[in-house]
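Peer 1: Pasting a structure below so you can have a look.
The values are calculated or read from the model by the stated rules, or taken from the named source; none is laboratory data. Given the structure is predicted, the values throughout are model-derived calculations rather than measurements. With ideal geometry, Cβ positions are generated from the backbone for all residues, glycine too; neighbour counts draw on all protein chains shown.
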Amino acid sequence: MARRVVDVLVPVALDRTYSYRAPDELKLAPGDIVCVPLGAREATAVVWAENPKPDRRLDNRLKDIEDKLALPPLKPELRHFVDWVANYTVASRGMVLRMCLRMGEHLGSPRARIGVRLAGARPQRMTAARERVLALLADGMVRGKSEAARETAVSAGVIEGLIDEGTLETVVLPPEPIAHQPDPDLAPADFTGDQSFAAAALKATLAQGGYSVTLLDGVTGSGKTEVYFEAVADTIRRGRQSLILMPEIALTAQFLDRFAARFGERPAEWHSELTPRRRARAWSAVAQGEVSVVVGARSALFLPYADLGLIVVDEEHDQAYKQEDGVRYHARDMAVVRGHIAHIPVVLASATPSLETEVNARRGRYRRLALPERFGGQSMPSVEAIDLRRERPPPGRFIAPPLAGAVKTALERGEQALFFLNRRGYAPLTLCRACGFRFSCPNCDAWLVDHRFRRELVCHHCGFAVPHPPACPQCQAQNSFVAVGPGVERLEEEVRELFPQARVLVLSSDLVATVERLREELDDIAQGRFDIVIGTQLVAKGHHFPKLNLVGVVDADLGLNNGDPRAAERTFQLLHQVVGRAGRDAGIGFGLLQTHQPEHPVIRALIAQDREAFYDAEIEARERAHYPPFGRLASLVVSGPDKHDTQSYARLLARAAPPRDDVRVLGPADAPRSLVRGRHRLRLLVKSPRTFDLSAYLRDWLAAAPKAKGSIKLGIDVDPQSFL
């Protein structure tokens, strides 16, 4: 009798499935996670489908599946999602599957937790440390070994010694839960007006069931989080799981504390700071339905939920939702797709929706729930521009007198002030005043950024770093270096000179080693332990600082003139969000924008607080140019170590593009960042109508095009967010 054959998908850079024989004793079905021989190694894979008509001539050459792992199978909706994402992004299905199986070598049963309790007579030799342990365990309760050592301030060796003498016995404890069950009825918010209407509308959407997308469109501080918490609570009551996606850097202790205040427990977390073992436990708990709510960064979208009932995408406009390497996908867009496949509601929350989401809401594809007022009746901050053409900072300084005066007044009132500058390090450029030499990266088309805290010149693209040299490499002049332009470290020097008595904190990704450290510093700000905060975009993402009433944007023009089609949208969103940190709790919020172009539409819209006028103008410009969301774009980047070879392949690739009257292929041309990590980069940009199947076009093109050889690589980005 012929053996049963199944097709499995392996989480490697391959788009196809492989056929294996299924031993009768394994009882395999699609979705099962298995172990298979792959070349000279073993690999974890997923049974993707039955193979009803295998080629029996190859039967003896097929290998057997070695084992079925004791894990919940991947549900059909997740397998469908993998296929959909791979097809849309023109990525291999294996690499998309890899994002669903991020458990590493810790896949399988969790490591046993060992507890201890009193078991026998007192030991012959007694010490003060042993006395403390016996006193703690005298109640007969079981405690974890590390817990017992920690509570009695003894070493692990003391506990082990008591076990060896028979005074204590070990007990295997169940795995510590990833998250305890939240209570949906613990502490609902006291809503009024628009918040109450929005919360009721989300509950009605859940009751109705099925797929839908709702834009929760609220000004900064309007209670968007509390409103969608009510949808999460209703999902918990229904016994289903909720996913709250957030930009990773916004996964703060403040948010987790707000969740715990509402539900009594913190949610399960999923982000890059999890240890491998914690990651494996979280993956398993999600798959087995042990957790009700997951709060995670974009990759949490690919977890194998047992019964997903709601997806919330907070700060849906945030650029961090786009993954720029590996499988290039946008988590907001893929969240909508996963909601559609799973037939569940999706909530997108933002004070400054992306243009794509705004257009979908205006055209009725998404429902809009508006929260036009701040929670608790606080007014929105007023915004003014400081025209740097008239109000210039002193020579060598970057803070104009009106901003310095406003900060002085805020400090006298006992309030906090924030200086915002979205530029890391001390200065973006260092040059020799004797000969004009500029420090640049040998691997990238970029200047080296001066980092005084690290005492290095650093490339922000490849990580190359060198110590500050004692003399100019070109003319050998001593003490001739001059820093050009400000970064947050240089701004700190100026702030400390202007306000010597103030407690100052700098928040920048260079200076924050871990997510936990960032959480601690954000909590310090919220508790009023600092008077002045200097920050990059880390401070713009949804934080609540009760004493912060003044925000000064040091360079509001930064990012407006870089040739990116999304530059105006991103600048408006970023500055609107950062100014929205002011005046959220008490007092009057105020934002000051230092700018050389106060007449720019973005600056005018921020000052007038006329969001609709900005969107109207930006939508009209995009529609006129047939840019997204009114057209489709795809970026193909060819890179290689040899410029001539890279150019030759890029031209061959362009010539292989299928001719279509409604598709334009632009390039190849040097990418704006033409050298990164020693690789020359050329870009082709594909432009098509909105309804055109661009992914299918790209697949047909690549199937007929010559393959990249040697070290030349081709990267494909459908719906690119970055044009560098």
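Peer 1: Find all pairs meeting these conditions: Cβ atoms under 9 angstrom apart; at least six residues apart or on different chains; first residue within the range 556-569 and more than 15 Å from residue 722 (Cβ to Cβ) and part of a loop (DSSP other than H, G, I, E, B); second residue at pLDDT 90 or above and charged (D, E, K, R).
Peer 2: Once the first residue is more than 15 Å from residue 722 (Cβ to Cβ) and part of a loop (DSSP other than H, G, I, E, B) and sits in the range 556-569, its partners that are at pLDDT 90 or above and charged (D, E, K, R) give 558/423.
Peer 1: Out of the strands (runs of 3 or more DSSP E) lying entirely within the range 394-451, which hold 2 or more residues that are outside the structural domain of residue 593 (by TED's automatic domain parsing)?
Peer 2: 429-432, 449-451
Peer 1: Pick out the one residue from 86, 135, 91 that is part of a helix (DSSP H, G or I), modelled with pLDDT of 90 or more, touching an Asp or Glu at 6+ places or on another chain (Cβ under 9 Å) and not basic (Lys, Arg).
Peer 2: 86
Peer 1: Considering only the range 493-522, state which residues are loosely packed, with under 15 Cβ neighbours inside 10 Å, of a type in the set (D, E, K, R) and at pLDDT 80 or above.
Peer 2: Result: 493, 496, 497, 503, 520.
Peer 1: Something else about it: Scan the range 248-266 residue by residue and report those that are touching a Phe, Trp or Tyr at 6+ places or on another chain (Cβ under 7 Å) and at pLDDT below 95.
Peer 2: The one that is touching a Phe, Trp or Tyr at 6+ places or on another chain (Cβ under 7 Å) and at pLDDT below 95: 266.
Peer 1: Find the strands (runs of 3 or more DSSP E) located wholly in the range 269-372 whose residues include 1 or more that are without any contact (Cβ under 8 Å) to a residue 60 or more places away in the chain and within 16 Å of the chain's Cα centre (by Cα), and list them.
Peer 2: 293-296
Peer 1: Scan the range 579-591 residue by residue and report those that are surrounded by fewer than 24 Cβ atoms within 10 Å (Cβ to Cβ) and either aliphatic (A, V, I, L, M) or not in a loop (DSSP other than H, G, I, E, B) (or both).
Peer 2: Those that are surrounded by fewer than 24 Cβ atoms within 10 Å (Cβ to Cβ) and either aliphatic (A, V, I, L, M) or not in a loop (DSSP other than H, G, I, E, B) (or both): 586, 588, 590.
Peer 1: Among the residues of the range 167-186, which ones are surrounded by 13 or more Cβ atoms within 10 Å (Cβ to Cβ) and in contact (Cβ under 8 Å) with a residue 60 or more places away in the chain?
Peer 2: Matches in the range 167-186: 173, 175, 177, 178, 179, 180, 181, 182, 183, 184, 186.
Peer 1: Quick check on the range 6-21: of everything there that is β-branched (Val, Ile, Thr) and surrounded by fewer than 20 Cβ atoms within 10 Å (Cβ to Cβ), which residue is nearest to residue 49 (Cα to Cα)?
Peer 2: Looking at residues that are β-branched (Val, Ile, Thr) and surrounded by fewer than 20 Cβ atoms within 10 Å (Cβ to Cβ), I get 17.
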